[in-house]
1. Applying the selection to the stretch 238-258, what residues are without any contact (Cβ under 8 Å) to a residue 40 or more places away in the chain and surrounded by 16 or more Cβ atoms within 10 Å (Cβ to Cβ)?
2. Cβ-Cβ distance below 6 Å, separation of 6 or more or different chains: which pairs start in the stretch 71-100 with a residue that is under 26 Å from Gly136 (Cα atoms) and without any contact (Cβ under 8 Å) to a residue 60 or more places away in the chain and end on one that is of a type in the set (Val, Ile, Thr) and in a loop (DSSP other than H, G, I, E, B)?
3. Among (1) outside any loop (DSSP other than H, G, I, E, B); (2) at pLDDT 90 or above, there is one condition Val242 misses while meeting the rest; what is its number?
4. Since Ser84 meets every condition but one in (1) under 21 Å from the mean Cα position of the chain (by Cα); (2) exposed (fewer than 12 other Cβ atoms within 10 Å of the Cβ); (3) at pLDDT 90 or above, which condition does it not meet?
5. Among the listed residues Asp271, Asp261, identify the single one that is surrounded by fewer than 14 Cβ atoms within 10 Å (Cβ to Cβ) and on the phi < 0 side of the Ramachandran plot.
Amino acid sequence: MNFEKMLLFGFSGTLLALMMFISIGSVSVYAISIKIESPLSNQKVPVGQLTISGTSSDNSSAQCQVYLDWNNLKPYQLATPTGSNGSADFSKWSFTYTSKYHLIQTGLNDLTSKITCLVPPAGPTVTKWYSINVTGATTSNQSSTVQLPLPTANTKTPASNTKTAASNNQTPASNTQTPASNTQTPAPQSGASVDTTNTSNSNKINLEINVETNPIPAGDRQKVAVTASDPQTGNTLDRVFVRLTIKDPSGNVVKDYTDTDGELSPSFRLDKDITGTYSVLASASQAGIKTTKSTTFIVQ
């Protein structure tokens, strides 16, 4: 009787060890891969919409999907399969960054692809990542459009001088403009009203900015966290629109993030060729209530 029990235990142990070996072996031999083929890493691309494409190890017997993100902004976005074996073939894939998720911004953009596969027949899920950095740059048409406000702002002073000369030559014209200045008198009162409202709003939404590293070497990865909370309880507020904007020492916007769950904590790589004081601008708004806050960090 004891011999039969020992034989049974021995057989069960051998079977269990064999199953574990097969399971471990299936994971090790089920190698997966993914790569972004276009654009190339460190390539300059136009700001705005951008379509990228790549390849992966997905095949007809695998159960895989490919996802993309931008600067670690979650959730991951599902890519479009373009393989020859149908709508589930991610051996080739593409994805377009649009305003529905996030557009390519001026400066460095971290693009990450992720492949997730279920080991057959019902094994664990295995994942692999592949990332590139691209530099967003404005085209000649885009830069001319962006620069339009600058000459307008610079020519306001000469324009006012021209009007002054006109008023000297044409007395009725200056009289006509006098009521216009009177009608604009309430404008400061309106501005004062807005300032008062913003001051009271700060008592309803508490906005905190936390810069992870300051000062920080150029080319390193920086992380900035913004949280909108209840001033009384300290709890993070839900359904609050939060915006975070990073500007370089010249005032150019290099990063711009938005979210609706009351907090943001993006990570981004700094340009290795730009040093100085960067500006961090944050705002939180909900149901007509808005609070703003700003800080800086130094890139060496």
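1. Selection gives Leu244, Thr245, Ile246, Lys247.
2. If the second residue must be of a type in the set (Val, Ile, Thr) and in a loop (DSSP other than H, G, I, E, B), the pairs left are Lys92/Thr82; Trp93/Thr82; Ser94/Thr82.
3. With (1) outside any loop (DSSP other than H, G, I, E, B); (2) at pLDDT 90 or above applied to Val242, the lone miss is (2).
4. (1)
5. On the way: Asp271 fails: surrounded by fewer than 14 Cβ atoms within 10 Å (Cβ to Cβ).
Criteria check complete, one pass: Asp261.
The values are calculated or read from the model by the stated rules, or taken from the named source; none is laboratory data. Since this is a predicted model, take the numbers as computed values, not measurements. All Cβ positions, glycine included, derive from the backbone under ideal geometry; neighbour counts span all protein chains shown.
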